[in-house]
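Right, one structure below, let's go through it.
Throughout, read-outs are computed from the coordinates displayed, never taken from laboratory work. Keep in mind it's a predicted model, so treat the numbers as computed, not measured. Virtual Cβ from ideal backbone geometry, glycine too; neighbours counted across all protein chains shown.
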Amino acid sequence: MLIPVRCFTCGNLIADKHDNYQNKVRAGEDPAKVLDALGITRYCCRRMLLTSLETIQQIIPFYEAIQRRHQEVQSELE
Amino acid sequence: MDFEDFTQDLSSLEVISKDDKKMSVKLKGVPLQYANALRRVCLNGVPVFAIDTVDILENSSVLPDEGLAHRLGLIPIKTDLKRFNEPSKCECKSETGCSNCKVMLVLDSGDTEATRTVLSDELTSEDDSVKPIADNIPIVQLAPGQRVKVECYARLGRGSEHAKWNSANIAILTETDKEDERILTVESTGSLKPEQIILAGVEEVGVRLSEFKDMINEVEA
């Protein structure tokens with residue numbers, strides 16, 4: 001759902017670099033160069049960042065909507 | 001040369017390269033079987049801290065309790081081997097543990113106003129030296145109105161029990177041109193410094209070998 005904390009294969013910590021990676025790649029940088037700059041050298045760790053998709057980002061909006069609706073109902077009741 | 005000679009004469013270790021995560025040492029005159037034993041112990045025989053028990057007081061996030069506990073368990077935690085004991089070898093001999101073998105970390109997100117990510121720096125430890133190695137590991141994302149409140153208990157453990165206690169990501173032996181020289185490369189997970197892993201590994205191999213010796217003697221007697 002979120003970026004895995006560690007690399008599945010070698011156990012290296014990768015989650016702390018995800019935010020940085022994502023921002024740079026979205027800004028149009030080459031993912032390979034970003035990974036090199038972050039010091040992720042092994043291909044097992046590189047695929048973790050390259051291929052992860054945070055599905056939590058797709059679910060959260062529904063809960064935001066629930067909260068908004070909840071607040072609307074509350075204000076109408078008042 | 002047997003392992004005891006080796007541990008008494010650490011000059012046979014020559015540091016080739018070293019930084020805060022990765023270290024390479026040249027092993028001179030160490031038989032292959034001892035060198036490999038050391039490599040394996042460096043990988044998963046040196047105790048490090050990891051969160052083992054999580055009490056979930058509140059979790060209204062989209063991540064289920066076990067998912068949250070799993071993520072917390074995988075966070076590498078700074079380890080001070082001198083001050084803490086493994087629960088099985090601790091003097092307290094209790095199941096609940098004492099301050100020498102267990103550390104509590106608390107995570108409370110509070111009320112969420114806007115969608116945000118809960119990071120590892122929000123884990124507050126009761127011991128300053130035992131804390132996550134990085135401050136920006138995402139634990140969970142919360143929508144408005146969601147909350148996470150957990151109590152985590154970290155303890156020392158070994159990689160042979162669960163990979164979250166692995167002391168090193170990588171530990172490899174590479175052959176050199178000379179017959180009795182090998183290079184041991186250890187990359188730490190960040191919980192311990194690589195040199196600490198190698199030194200603790202040497203000690204651990206020594207302990208295991210003497211235990212083995214005792215066992216053999218008992219069988220003979």
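Values computed for the structure shown
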{"quantity": "Per-bin percent of Cα-Cα distances, region B:34-95 [5 Å]", "calculated": "3, 14, 16, 17, 17, 15, 10, 5, 2, 1, 0"}
{"quantity": "Low-density loop cleavage sites - trypsin sites (Lys or Arg not before Pro) in region B:168-217, where at most 12 other Cβ are within 10 Å (DSSP)", "calculated": "B:Lys178"}
{"quantity": "Shape call, region B:140-221: gyration tensor on alpha carbons, a/c limit 1.5", "calculated": "oblate"}
{"quantity": "Mean ellipticity per residue at 222 nm, deg cm²/dmol - from DSSP H runs of n ≥ 4 across chain A, formula -39500 (n - 2.57)", "calculated": "-20000 deg cm²/dmol"}
{"quantity": "Low-density loop positions, trypsin sites (Lys or Arg not before Pro), region B:122-177 - DSSP coil, at most 16 other Cβ in 10 Å", "calculated": "B:Arg147"}
{"quantity": "Gain in span if fully extended, B:Thr96 to B:Ala114, counting 0.36 nm per residue against the direct Cα distance", "calculated": "2.7 nm"}
{"quantity": "Cβ-based exposure ranking for A:His70, A:His18, in which fewest neighbours within 10 Å come first", "calculated": "A:His70, A:His18"}
{"quantity": "Per chain B, cysteines lacking a partner by the 4.7 Å Cβ criterion", "calculated": "B:Cys42, B:Cys152"}
{"quantity": "Cα-derived Rg to Rh of chain B, Kirkwood definition", "calculated": "1.07"}
{"quantity": "Extension gain, B:Glu175 back to B:His162 (0.36 nm per residue minus Cα-Cα distance, nm)", "calculated": "1.7 nm"}
{"quantity": "Between 0 and 90°, nearest 10: helix B:65-74 axis offset from chain B longest Cα axis", "calculated": "40"}
{"quantity": "FRET E, pair A:Arg68, A:Tyr43, Förster distance 35 Å, beta-carbon r, rounded to 0.05", "calculated": "0.25"}
{"quantity": "DSSP-assigned coil residues among GluC sites (Glu not before Pro) in region B:146-221, each with at most 16 further Cβ atoms within 10 Å", "calculated": "B:Glu161, B:Glu179"}
{"quantity": "Long pairs among B:Lys82/B:Lys102; A:Lys17/B:Lys78; B:Lys164/B:Lys193; B:Lys18/B:Lys78; B:Lys26/B:Lys213; B:Lys93/B:Lys149, criterion Cα-Cα beyond 25 Å", "calculated": "B:Lys26/B:Lys213; B:Lys93/B:Lys149"}
{"quantity": "Value of D in µm² per second that Stokes-Einstein yields for the protein assembly as shown, Kirkwood Rh from Cα pairs, at 4 °C (1.567 mPa s)", "calculated": "60"}
{"quantity": "Cα gyration tensor category, rounded, prolate or oblate, for region A:1-66 with a/c compared to 1.5", "calculated": "oblate"}
{"quantity": "Backbone N under 15 Å from the A:Gln57 label point (7 Å along Cα→Cβ), restricted to region B:139-164", "calculated": "B:141-142"}
